[in-house]
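A short worksheet on the structure shown next.
The values are calculated or read from the model by the stated rules, or taken from the named source; none is laboratory data. Predicted model, so just to flag it, every value in this text is computed and none were measured. Using ideal geometry, Cβ is built from the backbone for each residue, glycine included, and neighbour counts are taken over all protein chains shown. Each accessible area value is taken on the protein alone, full model and side chains, heavy atoms only, with ligands, DNA and RNA left out. Shrake-Rupley method; radii C 1.70, N 1.55, O 1.52, S 1.80 Å.
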Amino acid sequence: MAPRRSIRYAFRAVEEDDLPMIAAWLAEPHIAEWWGDPQTEIAHIREHMDRISVEPLIVELGGRPIAYLQSYDPHLEDDHPYQDQPFGTVGIDLSIGPPELLGIGHGSAILAQFAEDLFEEGAPRLVIDPDPRNLRAIRAYEKAGFRAIGERTSIYGPALLMARDAEE
């Protein structure tokens, strides 16, 4: 069952109590294929909780946590490969946690709602950078209005840089 347009997702800051749940999600095969070691990733998320350059969030549906989302400002990180994007650009990473929620439209719906929120706050462009082999993610991002603008190499390896602009 695909999410209805009337569904609204809630976005809240990651708290220390969320980290075991996120670690369990990171160990799920559909996420583990694209992320690193769960304990290493949890350490990074814990660091992000105290930074201004990255905002780690839990996405909830009806009060149930269903995804991890982080947004970041590439201009606040030294040597970030996306500093060539317009000032004010926001980068996004999204992972649906429970495997039973895959393939039914939550990813694209979450991104579409989050994009509208960020555009209302004044962001001119959003970028997301899936591994070029992650076709499920790429399809979801395209459904949310993102388009491929080039391939890059990040610290995590090859990335398909995708963007959605406020005026689109």
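Just a few scattered comments:
- Residue pairs meeting the criteria (Cβ under 8 Å; at least 6 apart or on separate chains; first on the phi > 0 side of the Ramachandran plot, in region 122-140; second open to solvent by less than 40 Å² (accessible area, probe 1.4 Å) and assigned to a loop (DSSP other than H, G, I, E, B)): Gly122/Gly88
- Answer from Ala115, Ala163, Ala137 - the residue that is of a type in the set (Gly, Ala, Ser), within 15 Å of the chain's Cα centre (by Cα) and more than 26 Å from Ile22 (Cβ to Cβ): Ala163
- Some residue of region 41-52 being part of a strand (DSSP E or B) and either closer than 24 Å to Arg8 by Cβ or at pLDDT 90 or above (or both): no
- If the condition is being in a loop (DSSP other than H, G, I, E, B) and touching a residue at least 60 places away in the same chain (Cβ under 8 Å), then region 99-108 contributes Leu102, Ile104, Gly105.
- Any hit, region 3-10, residues being of a type in the set (D, E, K, R) and either under 28 Å from Gln85 (Cβ atoms) or open to solvent by less than 40 Å² (accessible area, probe 1.4 Å) (or both): no
- Scanning region 73-83 for residues that are touching a helix residue (DSSP H, G or I) at 6+ places or on another chain (Cβ under 9 Å) and either free of Cβ contacts under 8 Å to residues at least 24 places away in the same chain or open to solvent by less than 10 Å² (accessible area, probe 1.4 Å) (or both) gives His80, Tyr82, Gln83.
- Entry remark, region 120-139: residues being farther than 16 Å from Ser71 by Cβ and among the acidic types (Asp, Glu) number 1 in total.
- Residue-level check: of (1) open to solvent by less than 60 Å² (accessible area, probe 1.4 Å); (2) touching a residue at least 40 places away in the same chain (Cβ under 8 Å), Trp34 misses just (1).
- For Gly88, the conditions (1) surrounded by 15 or more Cβ atoms within 10 Å (Cβ to Cβ); (2) in contact (Cβ under 8 Å) with a residue 24 or more places away in the chain; (3) under 16 Å from Ser53 (Cα atoms) all hold with the exception of (1).
- Sole residue being in a loop (DSSP other than H, G, I, E, B) and either under 22 Å from Leu161 (Cβ atoms) or under 12 Å from the mean Cα position of the chain (by Cα) (or both), chosen from Asp131, Asp93: Asp131
Residues are listed down the side, and each one gets a yes or a no for (1) assigned to a loop (DSSP other than H, G, I, E, B); (2) closer than 21 Å to Pro81 by Cα; (3) open to solvent by 20 Å² or more (accessible area, probe 1.4 Å); (4) of a type outside the set (Phe, Trp, Tyr):
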residue: Leu111; (1), (2), (3), (4): no, no, no, yes
residue: Ala123; (1), (2), (3), (4): yes, yes, no, yes
residue: Arg139; (1), (2), (3), (4): no, no, yes, yes
residue: Ala148; (1), (2), (3), (4): no, yes, yes, yes
residue: Glu151; (1), (2), (3), (4): no, yes, yes, yes
residue: Pro158; (1), (2), (3), (4): no, yes, yes, yes
residue: Arg164; (1), (2), (3), (4): no, yes, yes, yes
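- Qualifying residue in region 77-85 (condition: more than 20 Å from Glu55 (Cα to Cα), over 17 Å from the mean Cα position of the chain (by Cα), assigned to a loop (DSSP other than H, G, I, E, B) and of a type outside the set (Gly, Ala, Ser)): yes
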